[in-house]
Structures are given as C-alpha cells and as structure tokens.
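*Asks:* Got a structure for you, questions after.
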Amino acid sequence: MSDAKSEREANVYQAVLAEQTERYEEMVQAMKRVAASAAKDGELSVEERNLLSVAYKNVVGSRRAAWRILSSLKQKEQSKGNEDHVKKIEEYKSKIEKELNDICSEIIQSLDQQLVPSSSSAEGKVFFEKMKGDYFRYLAEFLTGDRRQEAVDGAGKAYKVAFDLAKTDLTTTHPIRLGLALNYSVFQYEILNSPEQACSLAKQAFDDAIADLDNVSEDSYKDATLIMQLLRDNLTLWTSDMQAEEGEDEEEGDKDNKAD
C-alpha cells in the first residue's frame, strides 16, 4: 500500500470516528485532507463523498439553526421595544454569520478547485454540483445586497448544471437525482420566491420516480422512497400556502420546508 493511500484511509477512518462521537469539527478537518488528495489520488468514493457531506452538513446545520433562533428572538425583543437586547442579539448573529460565511466559502472553494474537477463519474459530478448549490443557498439565507445576489446566482448555476446532467445520466429514482430535485425546488421556493416553479419541479420529479418505482434497485429503494416522501410533503405544504394566499393574506411564519 502506498503512503498516500494509507494516509487517505487513515483520514477516512478518523472521520468515521469523529462522526460516531459527534465531533463534527474534527470530522471536517479529516475530510478536508481527503478532499485535498483527490486531484492526485483519484476522485472520492461513495463513502468518502457521504462522509464529507455529513461533516459539513452538521457544522453548518447547527449554525443555521442558531441563526434562525436568534432571528426569531430578535423579532420578539423588537416587538417589546428592548433595544439593548436587540443589539446584543445582532452582535451574536453577526458572529454566527461570519462562521457560516467562512465554512460555506471554504467548501465551495474545495468543490470548485478539487472535488468537481477530480470527478470522472456523472454521479460524482451531480453530487458535488448539488452540494455547491446547497452551500451557496445557505449563504443566500443571510447575506444581503450584492453579496446575496452572488450567492443566489452561484446556487442557481450549480443546481442547473447538476440537474441537466442528472436528467441525462441518472435514473429518475436515483437518490442523488431525487435529493437534487428536493433541494433545487426548496431553493426556488425559499430563495427565489417562485412557488409555482418549485411545485412544478418537485411534482415532475415525484411523478417521474413513481412511474419508474418498479425498476428501482433494492439498495436504493429506501433512500429513494424517503426523499419522494419529502418531495410530497413539500408539495402539500406549498400548494396549501399558495391556496391560502389566493384567498386572504395570512400572517407570515417560518416554513418547515424539507431538504435533504
């Protein structure tokens, strides 16, 4: 076994240990080293791709959740006129936004420079372009002005590249294609404020997968049907919201949209 291969396997195992002990910051560090070796030692395996995704999803997910909580608290304190509390919340939000910006920018750079170029399989390219779209979407959730527009454009471009490739190279029931449709439609609904477009994309993906469900492999059946359920949940929520808006204006609240 070569030293490079041995080192890569050691980093993968370190990431596995970090995941099992829920030490996701260390999991990210281990998978960053694996990603850096992709150009020289070959594209990431399915296991390595999934470990990378889990690592970043957890370190970003906790911060996205914290940001949403602070946004809700800020509204409550503003309604009470507690300006000192609002100022403290804003300071804390800024700290979390910087962390989110740094983490998202880091993985986007790795995807652009290392992971997408080293992927030879369509599955790998779709996976990483989808991932790029996801992290641009996370940036668009809190950035403002020109920086937000750059994130929106980056997400839209990455999702479209992934979607066009998935439609030609992945089956309609492939979990990566379904997960892409799920997240792309959430982007259209939440970030672009295009509910009709989001519903159309989600419904088409769901209907296409239903038509081919008899041909899905046993290995991917569970994952495929789980994501299909999430697509259907979003469709139910979105169509209900659209019907309500056509009637009378309703008080705005947090939307519990599902993404993978």
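The values are calculated or read from the model by the stated rules, or taken from the named source; none is laboratory data. Remember, predicted model here, so these are calculated numbers, not experimental data. Using ideal geometry, Cβ is built from the backbone for each residue, glycine included, and neighbour counts are taken over all protein chains shown. Each accessible area value is taken on the protein alone, full model and side chains, heavy atoms only, with ligands, DNA and RNA left out. Shrake-Rupley method; radii C 1.70, N 1.55, O 1.52, S 1.80 Å.
*Asks:* Mind checking which residues of the stretch 153-189 are open to solvent by 20 Å² or more (accessible area, probe 1.4 Å), touching a Phe, Trp or Tyr at 6+ places or on another chain (Cβ under 7 Å) and among the hydroxyl-bearing types (S, T, Y)?
*Replies:* Y184, Y189
*Asks:* If I go through the stretch 53-76 residue by residue, how many of them are without any contact (Cβ under 8 Å) to a residue 40 or more places away in the chain and closer than 30 Å to A122 by Cβ?
*Replies:* 4
*Asks:* What helices (runs of 4 or more DSSP H), lying completely within the stretch 1-85, carry at least 2 residues that are open to solvent by less than 40 Å² (accessible area, probe 1.4 Å) and of a type in the set (S, T, N, Q)?
*Replies:* Qualifying helices (runs of 4 or more DSSP H): 46-80.
*Asks:* How many residues does the stretch 95-133 contain that are under 24 Å from D153 (Cβ atoms), part of a helix (DSSP H, G or I) and of a type in the set (S, T, N, Q)?
*Replies:* Looking only at that region, the number is 6.
*Asks:* Next question, about the same structure. Search the stretch 190-223 for residues being open to solvent by less than 70 Å² (accessible area, probe 1.4 Å) and among the hydroxyl-bearing types (S, T, Y), and hand back the single one that is nearest to N50 (Cα to Cα).
*Replies:* Going through the qualifying residues, I end up with S220.
*Asks:* Kindly list, by first and then second residue, each pair from a residue in the stretch 189-208 that is touching a residue at least 40 places away in the same chain (Cβ under 8 Å) to a residue that is open to solvent by less than 20 Å² (accessible area, probe 1.4 Å) and among the hydroxyl-bearing types (S, T, Y), limited to pairs with Cβ atoms under 7 Å and residues at least 6 apart or on different chains.
*Replies:* The qualifying pairs are A198/S185.
*Asks:* Another question, if that's okay. State whether the residues of the stretch 142-152 include one that is hydroxyl-bearing (S, T, Y), within 28 Å of R68 (Cβ to Cβ) and open to solvent by 60 Å² or more (accessible area, probe 1.4 Å).
*Replies:* Looking through the stretch 142-152, at least one residue is hydroxyl-bearing (S, T, Y), within 28 Å of R68 (Cβ to Cβ) and open to solvent by 60 Å² or more (accessible area, probe 1.4 Å).
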